[in-house]
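Just so you know, all these numbers are worked out from the coordinates, no wet-lab data involved. Model, not experiment: these values are computed from the prediction. Note that each Cβ is placed from the backbone with ideal geometry, even for glycine, and that neighbours are counted across all protein chains shown.
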Amino acid sequence: MNVGILTGGGDCPGLNAVIRAVVRKAEKRYGTTVFGFHDGWKGILDERYEELTIERMRGTLPRGGTILGTTRDHPYMFEGGTETVTRVCSELGIDSVIVVGGEGTLSCALRLQNDGILNVIGVPKTIDNDISATEMTFGFSTAVDIATEAIDRLHTTAESHDRIMIAEVMGRHVGHIAAWAGMAGGATIVLIPEGKFNIGSVAESLIRRHNAGRWASVVVVAEGALPEEGTMALS
């Protein structure tokens, strides 16, 4: 039995550590061959892959990104894509593919599994921490640390110039990074996608703070945060 592994979607810290762990366990414990597909699902579709060994993985643990590369393409985007997946995996003797990805990559993996095309093992990877059935996705902790550090730095600039600083962070559908980093960094206001905000209420809160002698404020906004309808004009 052989296994495949691929990384899809955006990169994040920890990808190479996952690949390394899979290869070491497969080779040392089970004597299994691991094929790494390059650039996500495209590696299967274009038949670009390499055999991964413990020797190949040496020195990759502290490296960022992914040694396999990544894209957002998937088999259902191309005519005959699923048939290619079946053929390539059959020719390589692959019983299952370990899919390391976020919402889009794992959605495709689940669809392939449900359609009876491929056995998959999903590894939740996303800095947004927006995948169910896991408490915390890898990449999220590092994102929060970096965002918190940025917010900490904004405080000094805001206080030096008596300004309101706005920090936008990742988070299309959920506001975990904004909420965690905002609390850790002592943000004045945090706006997240889970609840629409009223720009008037936000302004009033900042004005009250200003009138109380707190001239500097830091507002953290998740990229997916939206205003209540009719409260703010969007271009």
- Message: Could you work out how much longer the chain between residue 17 and residue 232 gets when fully extended? Use 0.36 nm per residue separation minus the Cα distance between them, nm to one decimal.
- Response: 73.0 nm
- If amide H atoms are modeled at 1.01 Å from N in the peptide plane, then the residues at a separation of 5 or more from residue 168, or on another chain, having amide H under 5 Å from its own are 221
- Set Lys and Arg Cβ to +1 and Asp and Glu Cβ to -1, take the dipole of the stretch 71-127 about its Cα centre, and tell me which of 127, 114, 101 lies farthest positive. 127
- Per 5 Å bin, what is the whole-percent P(r) computed from every C-alpha pair distance within the stretch 66-202? 2, 9, 15, 16, 14, 11, 9, 8, 7, 5, 3, 2, 1, 0
- Query: Rg to Rh ratio, the stretch 141-222, alpha-carbon atoms and Kirkwood radius?
  - Reply: 0.97
- Directionally averaged projected area (convex hull, Cα atoms, the stretch 12-121), nm²: 6.5 nm²
- Read phi for every residue in the stretch 155-160 and hand back ³J(HN,Hα) as whole Hz from Karplus 6.51 cos²θ - 1.76 cosθ + 1.60, θ = phi - 60°, with x for Gly and Pro. 4, 5, 5, 4, 6, 5
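Give the value in nm², to one decimal: projected area of the alpha carbon convex hull of the chain, averaged over all directions. Working shown, then result.
On the way: hull surface 63.9 nm².
Averaged projected area of the chain's Cα convex hull equals 16.0 nm².
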